[in-house]
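Reading through the C-alpha cells given below for one structure.
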Amino acid sequence: MYFTIFSLTITVVWVSFFAILISTFRKQMSVLQYFSIYPLLIVLLFCILRMLLPLELPYTIVIDSEKILPSIQFFLVTPLFDSGYINISPAFFLGIIWFFGTVIIAVRHIRTYRRFRHLLAFLPAAGEKRLYQLLAAADGENRSRIRKIIVHSAVESPAIIGCIQPVIILPDIDFEDEELLGIFIHEMAHYRHKHHFIKLVTEIICICFWWNPLLKKLSPETAHALEMHADKTACAKLTQPQQRKYLSAIIKVIGNIDQANISNAFSCSFVEETEEAKLKQRFIMILGNHYKKKRKYNLIVLACVLTIFLLSYSFVLQPYSEPTSADFGNTESPTSDSNYYFIKTKKGYDFYEYPERFIVHMNEIPATLKGMKIYKNIEEKKRK
C-alpha cells in the first residue's frame, strides 16, 4: 500500500461519487421507508473511509494514459516563470491557491468555534432541577459526563457541544416535560453514537477540498443523516404519544430559529437542517413508523456498497512516461550491451537489471532499448 498524487486524485473522484450517492439516497423516500436510514449511514461511512485511505492497494491496477493525462501533466509542470532559482508552474500556482484557501477557511471555522465556546463558558448553568431529572431519565442507566445545561434566548436550537466535557444548550422556550425528554434522548444519541467525530471529519474533508463543487452538499447531507439517526434512537425509546410531543418540540424550535442570533458552531443540534423537504422527511419517517419496521435486506445493501467501495481501489489513472536514467540508478540510460533485459508479460514488458532486480513495467519497448534481450518468462532467463 502506498500513497501517490494519482491515488489522491482518484480518491477525490470516488468521494465525490459517494457524496452524490448520499444525496440521491436521502431524496428517495421509497428507499428510506423500506430500508430506513441504513443505506444513508453505510454510504456515509464508506465515503469517510475512502477519504481517510487514499492509497493504492496490492490489487490496484495502474492504467496508463498515453494522450490526455500526459498533456495535462505537461501543461501543469511547464514553467510560467523560471529565473533559475524560482520556478513557477501552473501546478505550483494552483497548489498555492489550494493551500491558502484551505488555511483561510479553516481559520474562520476555528475562530467561530472558539468564540462560541468562550460565550458558553460565560453563560451560567440552568438551575432548574427538572432539566437534570429529565436528562437523567433520558440517559437511562448510563452515567453521562454532562454536568451543565444552558438555557438562553439567543440559542437557536437544542444542541450538544463537546466530547470530553459536553454541554447541552437549550433555547428559552416553554417546553413540556415529554418534549424535553425527547430532546434529551435525541442529544444523548448524538453523544453516544460519536456523531461529533463524524461531523468533524466531514467538515475537514469539505474544508480541504473547498474547490470541489460536488462536495458542497456533503456537510449538510451528513448533518441531516445524523439528525435522522438520532430520531431513530429517540423513536425506539418513546411511546406513540411521546413521539407526537417530540414532533411538537421540533415545530417549536423551527419557530424560534429566526428569532435567535447564536448559531450552534460544530455541534450536533436537534434541528440543524431547516430546509422544508428535509423537515418533511423527518416527520414522515416518524409518523409513518418507518424507523421501527424490520428491514430484511440491510445486509444486501451493505454488501453492494462494500463492493463499490472495494472496486474504488481497483484502478488508478496516471500519465504514461518512459523511464529516465534516474529509474536505472545510473547517470546514463542503459544501452543494448548493458546489464539489463526484458521479460515478456501479458500487458507489456518488465524491465530488469541482472541478476533479477525489477526496475519498471513498460507497455512498449522504447526505441533506445530495442537491442535489449527479451525473454518469454523468468524461467527462460534462468536457463540461459
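Every number here is computed from the coordinates shown, using simple stated rules; none is lab data. Source: prediction; values computed, not measured. Quick reminder, even Gly has a Cβ in these numbers, built from the backbone with ideal geometry, and neighbours come from all protein chains shown.
Two decimals, Cα atoms only, Kirkwood Rh: what is Rg/Rh over the chain?
Rg/Rh: 1.13.
Could you give the nm distance between label points at Asp172 and Ala91, where each point is 7 Å from its Cα heading toward the beta carbon?
5.9 nm
With angles folded into 0 to 90 degrees, how steeply does helix 38-52 sit against the dominant principal axis of the chain? Use alpha carbons for both and round to 10.
It is inclined by approximately 50 degrees.
Which residues' amide hydrogens lie under 5 Å from the amide hydrogen of Lys373, considering only partners 5 or more residues apart or on another chain, with H built in the peptide plane?
Under 5 Å from the amide H of Lys373 lie the amide H atoms of Phe342, each far enough along the sequence or on another chain.
Quick one: putting +1 on the C-beta of Lys and Arg, -1 on the C-beta of Asp and Glu, what dipole do you get for the chain around its Cα centre, in Debye to the nearest 20?
The dipole of the chain has a size of about 1060 debye.
Exposure proxy check: His152, His190 ranked by fewest other beta carbons within 10 Å?
His152, His190
For Arg244, what charge total do you get from the other residues with a beta carbon under 12 Å from its beta carbon, if Lys and Arg give +1 and Asp and Glu give -1?
Value of the local net charge: -2.
Pull out the extension gain between Leu80 and Leu123, defined as 0.36 nm times the separation in residues minus the alpha carbon to alpha carbon distance; nm, one decimal.
10.0 nm
Select from Cys304, Ile160, Pro366 the residue farthest towards the positive end of the dipole of the chain; place +1 on Cβ of Lys and Arg, -1 on Cβ of Asp and Glu, and compute about the Cα centre.
Positive-most Cα among the choices belongs to Cys304.
Using amide H atoms built in the peptide plane, which far-off residues or other-chain residues are under 5 Å from Ser89 H to H?
HN-HN under 5 Å from Ser89: Leu80.
Treating the Cα atoms of segment 64-131 as identical point scatterers in vacuum, please give the log10 of the normalised Debye intensity I(q)/I(0) at q = 0.11, 0.16, 0.20 Å⁻¹, two decimals.
After summing over all Cα pairs, the log10 values are -0.56, -0.77, -0.91.
What angle do you read, to the nearest 10 degrees and between 0 and 90, between the alpha-carbon axis of helix 240-257 and the longest principal axis of the chain?
Compared with the principal axis, the helix lies near 80 degrees.
Give me Rg over Rh for segment 164-268, both radii from the alpha carbons and Rh done the Kirkwood way, two decimal places.
Taking Rh as the inverse mean 1/r over Cα pairs, Rg/Rh reads 1.00.
Kindly write out, for segment 364-377 in residue order, the coupling ³J(HN,Hα) from the Karplus curve 6.51 cos²θ - 1.76 cosθ + 1.60 (θ = phi - 60°), rounded to whole Hz, with x marking Gly and Pro.
Karplus values, whole Hz, x for Gly and Pro: 9, 7, x, 4, 6, 10, 4, x, 5, 5, 10, 10, 5, 7.
Just grab the label-to-label distance for Leu49 and Ala303, each label 7 Å out from Cα along the Cβ direction, in nm (one decimal).
Going by the 7 Å Cα→Cβ label model, 1.6 nm.
Taking every DSSP beta bridge that has both residues in the chain, what percent is antiparallel when rounded to the nearest 5?
60 percent
For Lys376, list the aspartates and glutamates whose Cα falls under 12 Å from its own Cα; do not include residues on the same chain fewer than 8 positions away.
Within the straight-line cut-off, Lys376 pairs with Asp350.
Over the chain, what is the mean sequence separation of C-alpha contacts under 8 Å (at least six apart), divided by residue count, expressed as relative contact order in percent?
On the way: 494 pairs, mean separation 81.1, N = 384.
With pairs under 8 Å counted, the relative contact order is 21 percent.
Would you compute, from DSSP H runs of 4+ residues alone, the mean residue ellipticity of the chain at 222 nm, taking -39500 (n - 2.57) per run and dividing by the full residue count, rounded to the nearest 500?
About -17000 deg cm²/dmol.
Could you name the aspartates and glutamates in cross-link range of Lys216, using Cα to Cα under 15 Å and dropping any fewer than eight places away on the same chain?
List returned: Glu203, Glu273.
log10 I(q)/I(0), Debye, Cα-only segment 1-147, no solvent, q = 0.11, 0.15, 0.16, 0.21 Å⁻¹?
Result of the Debye calculation: -0.84, -1.14, -1.18, -1.23.
Between Leu311 and Gln133, what FRET efficiency comes out of the Förster formula 1/(1 + (r/R0)^6) with R0 = 45 Å and r the beta carbon distance, rounded to 0.05?
0.30
If I fit a long axis through the Cα atoms of helix 5-27 and take the longest principal axis of the Cα atoms of the chain, what angle between them do I get, 0 to 90°, rounded to 10?
Helix 5-27 sits at roughly 30 degrees to that axis.
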